[in-house]
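Q: Pasting a structure here, questions to come.
Bear in mind that the values in this text are calculations on the coordinates, not laboratory data. What you see is a predicted model, and the numbers here were worked out from it, not measured in a lab. Virtual Cβ from ideal backbone geometry, glycine too; neighbours counted across all protein chains shown.
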2 protein chains.
Amino acid sequence: MKSWLNISDNSDFSIHNLPFGIFSVGASKKRVGVAIGEQILDLYGVTSKGLFKNKTLDKKVFLQDYLNPMMALGKSITVPLREEIQNLLVSTRSPLRKMPKLFINQKDASLHLPIKITDYTDFYSSKEHATNVGKLFRDPKNALLPNWKHLPVGYHGRASSIVVSGTDIIRPKGQTIPMGKSKPIFGPSRLMDFELETGFVIGKKSELGKPIKCNKAEEHIFGMVLFNDWSARDIQKWEYVPLGPFLGKNFASTISPWIVTLEALKPFRVQGPKQSPKVLPYLEYRGKKNFDINLDVVLETKEGIATTLSRSNFQFMYWNMSQQLAHHTVNGCNINIGDLYGSGTISGKRKNSYGSMLELTWRGTKPIKLKDGTSRKFIQDHDTIILKGYAEKKGIRVGFGEARGKILPSK
Amino acid sequence: MKSWLNISDNSDFSIHNLPFGIFSVGASKKRVGVAIGEQILDLYGVTSKGLFKNKTLDKKVFLQDYLNPMMALGKSITVPLREEIQNLLVSTRSPLRKMPKLFINQKDASLHLPIKITDYTDFYSSKEHATNVGKLFRDPKNALLPNWKHLPVGYHGRASSIVVSGTDIIRPKGQTIPMGKSKPIFGPSRLMDFELETGFVIGKKSELGKPIKCNKAEEHIFGMVLFNDWSARDIQKWEYVPLGPFLGKNFASTISPWIVTLEALKPFRVQGPKQSPKVLPYLEYRGKKNFDINLDVVLETKEGIATTLSRSNFQFMYWNMSQQLAHHTVNGCNINIGDLYGSGTISGKRKNSYGSMLELTWRGTKPIKLKDGTSRKFIQDHDTIILKGYAEKKGIRVGFGEARGKILPSK
């Protein structure tokens with residue numbers, strides 16, 4: 001499959017991808033777009049011109065601040081819609097070829113938070129990450145807690161402070177406890193960290209009291225994003241017992257602007273790791289529910305010098321998205337269109353595949369050398385952290401773009 | 001101050017109260033109402049008749065599924081509005097006296113979830129409760145954790161499953177760990193509990209990166225509700241280390257339908273408990289920030305026989321709402337109109353003032369005798385739990401009504 005558009009072979013936004021996002025140009029209203037190569041196809045424009053076969057589509061769905069109303073149409077509408085867009089971009093007789101105004105250069109557009117986030121939950125589903133954290137903070141010989149292999153551990157997070165890639169992040173202030181002291185001090189966090197995660201977005205709601213079965217869970221998943229769960233380790237350490245992370249996390253999280261659909265990720269499905277001990281029946285699943293997605297973390301200094309900190313992969317996840325959703329709802333908890341679910345930090349087995357500074361520098365004991373000769377234990381002011389993600393197989397490339405954020409000094 | 005309406009002296013909804021809620025009658029659209037005695041004043045109707053002095057008010061604000069658009073007008077509008085309503089209900093020459101259709105009997109109306117809940121956070125701010133839990137599950141000699149007196153411990157909760165009083169609650173299923181075993185089992189929770197809490201609702205947003213000062217926090221608080229943070233203790237126990245409560249809580253929480261404004265609660269302000277050690281400067285506050293609100297918990301059996309399980313009081317709170325909000329935002333976390341913040345279980349010093357079955361029955365070791373001769377360690381199927389709350393002083397009574405929920409068997 002090839003588009004009549006000029007798309008670079010290594011573009012994240014190939015004709016096989018077609019992720020959805022929200023953009024604006026200048027003072028124009030926000031609208032729904034699809035990323036293709038270096039451009040954005042304006043879906044409000046496409047609908048206004050009457051180019052879709054589905055004439056019952058209300059064009060207002062594409063002139064929105066968020067993707068939620070479009071996702072609410074359901075996969076029976078959005079999946080064929082994406083296929084139609086693909087046809088319009090492939091067919092040599094496509095009417096789009098004579099409508100250059102419907103294509104906006106990504107450089108000329110502002111990309112916005114793509115979804116109105118209803119609830120946000122973060123999981124903790126990478127065995128390597130949970131093991132590293134257990135070794136660092138608890139017992140190296142019993143690094144995984146007793147419940148970890150029986151259920152996808154998760155906790156609720158803050159929806160209000162999730163921002164789109166490119167938004168600057170102010171270093172948070174808070175209480176921390178100096179080594180060996182019993183009284184906390186107040187000031188800017190000194191242990192700023194990123195967490196390399198992906199997130200998935202809900203496109204179909206469920207009812208309170210009705211669990212979602214593991215093998216039906218993907219019907220509810222619209223697509224995936226990159227997700228940086230910024231963490232202030234010193235604030236987190238002092239506050240998190242017994243009720244979990246709070247101010248150490250909720251000052252900000254960053255998501256990538258384009259939602260890559262599950263349909264686009266289909267060629268990259270792989271078998272997940274063997275789960276032993278055997279999971280309870282409600283967590284059993286059939287088929288390939290993991291995805292082979294390369295994930296990179298880059299640190300860019302104030303001067304713009306970039307160093308790759310980590311190369312990980314989403315297929316390392318012990319618990320898959322379907323299991324996470326089945327577990328989350330097994331008690332009757334309901335989900336809504338616009339919910340976001342974070343994977344938890346995705347660490348691989350190798351030391352250069354860990355998904356946080358905490359693990360990469362082993363709690364600051366092994367600083368990372370950067371390309372400019374300086375080193376880092378944690379993130380410094382004016383450092384930019386960039387998450388990247390892409391899947392690639394047999395010449396098909398489907399990428400996520402990036403989730404980027406620069407740390408600014410505390411005010 | 002006395003209304004020309006016939007209002008019982010012991011009504012929660014006196015002329016001094018005037019809480020806001022969302023109601024409908026039959027198939028009518030949802031709209032904003034104010035509770036007065038046994039009736040509801042239809043504010044959409046009042047605005048449609050042009051009875052408010054403020055002629056710039058858009059009546060559509062009162063024909064809504066939620067109070068959020070009305071709260072968004074700001075206190076500079078809503079506080080005088082409430083005073084105008086009070087005048088209309090007091091003045092002997094009030095035009096309302098000739099408009100009986102604007103009053104709906106509460107028995108004839110459906111009361112709905114009053115706010116579209118954006119984010120929900122639960123605190124853990126009763127010293128007595130935290131001490132009881134520490135004694136039960138950790139070290140009786142060091143019941144409070146080291147951070148507890150330095151910061152109002154809080155954690156994020158689930159917004160989607162918060163329901164209005166009167167909604168039945170299905171007993172959740174989940175993983176639990178049998179005593180002395182290492183493998184979990186799956187089934188209905190056997191340790192269903194309530195948590196007696198209040199909640200406060202945000203009427204004014206803040207910006208990401210801009211902390212709210214403790215002495216400005218009340219500007220953001222529209223009002224308060226009763227809040228039952230239903231808890232499945234056996235599910236919670238197995239899942240909650242290290243990231244906090246999750247499925248043990250998020251199957252449902254119940255709020256009362258009427259939001260009692262901070263203005264109505266003004267006569268009941270009291271000094272909070274002395275905080276020692278001294279708090280950090282960002283948690284210091286001036287004036288009376290606690291409120292003397294009586295809180296009762298009643299268990300009603302399937303046959304309708306009611307037993308009061310607990311009598312507590314909101315003034316027992318160690319950390320006040322202003323401190324909770326100052327702490328929540330000190331790292332830059334932003335708040336939104338419609339956010340809900342739970343107090344945490346409110347236990348008093350006496351054994352009959354504890355705010356959960358866990359504490360009242362001391363983890364099931366001291367069952368409670370009910371009026372029908374049966375006893376309870378935890379909540380049984382078909383039991384109804386009713387939270388009630390009211391403040392009373394010098395003949396002025398301001399009440400919350402109730403937050404009621406019946407436990408139905410697992411499906």
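Q: Can you give me the three principal axis dimensions of chain A from its C-alpha atoms, in Å, biggest first?
A: 71, 53, 37
Q: Picking from B:Val164, B:Asn320, B:Phe400, whose Cα lies most toward the positive end of the charge dipole for segment B:120-408 (charges on Cβ: Lys, Arg +1; Asp, Glu -1)?
A: Final value for the positive-end residue is B:Asn320.
Q: Averaging sequence separations of C-alpha pairs under 8 Å and six or more residues apart, then dividing by the length of segment B:120-408, give the relative contact order as a whole percent.
A: Normalised by residue count, the contact order of segment B:120-408 is 27 percent.
Q: Within straight cross-link reach of B:Lys216, meaning Cα distance under 18 Å, which aspartates and glutamates are found once same-chain residues fewer than 8 apart are removed?
A: Straight-distance partners of B:Lys216: B:Glu207, B:Glu263, B:Glu284, B:Asp339.
Q: Could you please point out the chain A residue with its Cβ nearest to the axis of the rotation taking chain A onto chain B, and the distance in whole angstrom?
A: Residue and rounded Å distance to the axis: A:Gly244, 1.
Q: If you take each beta carbon of peptide B:246-259 and count the beta carbons of other chains within 10 angstrom, what is the mean?
A: 4
Q: Using the beta-carbon distance between A:Glu84 and A:Asp139 and R0 = 45 Å, what value does 1/(1 + (r/R0)^6) give for FRET efficiency, to the nearest 0.05?
A: 0.20
Q: Tell me, how many Å apart are the Cα centres for segment A:225-263 and for segment A:336-358?
A: After rounding, the separation between the Cα centres reads 10 Å.
Q: Taking Cα atoms, how many degrees apart are the long axis of helix A:75-90 and the longest axis of chain A, rounded to 10 and kept between 0 and 90?
A: Long axis of A:75-90 versus the principal axis of chain A: about 70 degrees.
Q: Now a separate question. Taking 2.2 N^0.38 Å as the expected size of a compact globular protein, what ratio does the Cα radius of gyration of segment B:301-405 give against it, to two decimals?
A: 1.33
Q: Plugging the Kirkwood radius over Cα pairs into Stokes-Einstein for the protein assembly as shown, at a temperature of 10 °C and a viscosity of 1.306 mPa s, what D comes out in µm²/s?
A: 57
Q: Can you tell me the orientation of helix B:127-137 relative to chain B, as the angle in degrees between its alpha-carbon axis and the longest Cα principal axis, to the nearest 10?
A: 30
Q: 7 Å along Cα→Cβ for the label point: how many nanometres lie between A:Pro409 and each equivalent label in the other copies, listed shortest first?
A: Its label point is 6.6 nm from the equivalent points in the other copies.
Q: Rounded to whole Å and sorted largest first, list the principal axis extents of the Cα atoms in segment A:20-112.
A: 31, 30, 20
Q: Could you give, in nm with one decimal, how far A:Ala27 is from each other copy of that position, shortest first, with labels 7 Å out from Cα toward Cβ?
A: Nearest to farthest, the other copies are at 4.5 nm.
Q: Could you tell me which of the pairs A:Lys204/A:Lys289; A:Lys116/A:Lys289; B:Lys149/B:Lys406; A:Lys135/B:Lys237; A:Lys411/B:Lys278; B:Lys302/B:Lys351 are separated by over 29 angstrom between their Cα atoms in the structure shown?
A: B:Lys149/B:Lys406, as the Cα separations exceed 29 Å there.
Q: Next question. Please compute, for peptide B:117-124, the average count of beta-carbon atoms on other protein chains lying within 10 Å of each residue's beta-carbon.
A: Partner-chain Cβ atoms within 10 Å, mean over residues of B:117-124: 4.
Q: Tell me which of B:Tyr390, B:Leu358, B:Thr254 sits at the most positive position along the dipole axis of the protein assembly as shown, charges placed on C-beta atoms (Lys, Arg +1; Asp, Glu -1).
A: Result: B:Leu358.
Q: State to the nearest 20 debye the size of the charge dipole of the protein assembly as shown about its Cα centre, where the only charges are +1 on K and R beta carbons and -1 on D and E beta carbons.
A: Computed about the Cα centre, the dipole is about 440 debye.
Q: Give the average, rounded to an integer, of partner chain Cβ atoms located within 10 angstrom of each Cβ in B:190-201.
A: 0
Q: Relative to the other copies, what are the label-point distances for A:Asp139, with labels 7 Å from Cα along the C-beta vector, expressed in nm at one decimal and sorted shortest first?
A: Label-point distances to the other copies, shortest first: 1.7 nm.
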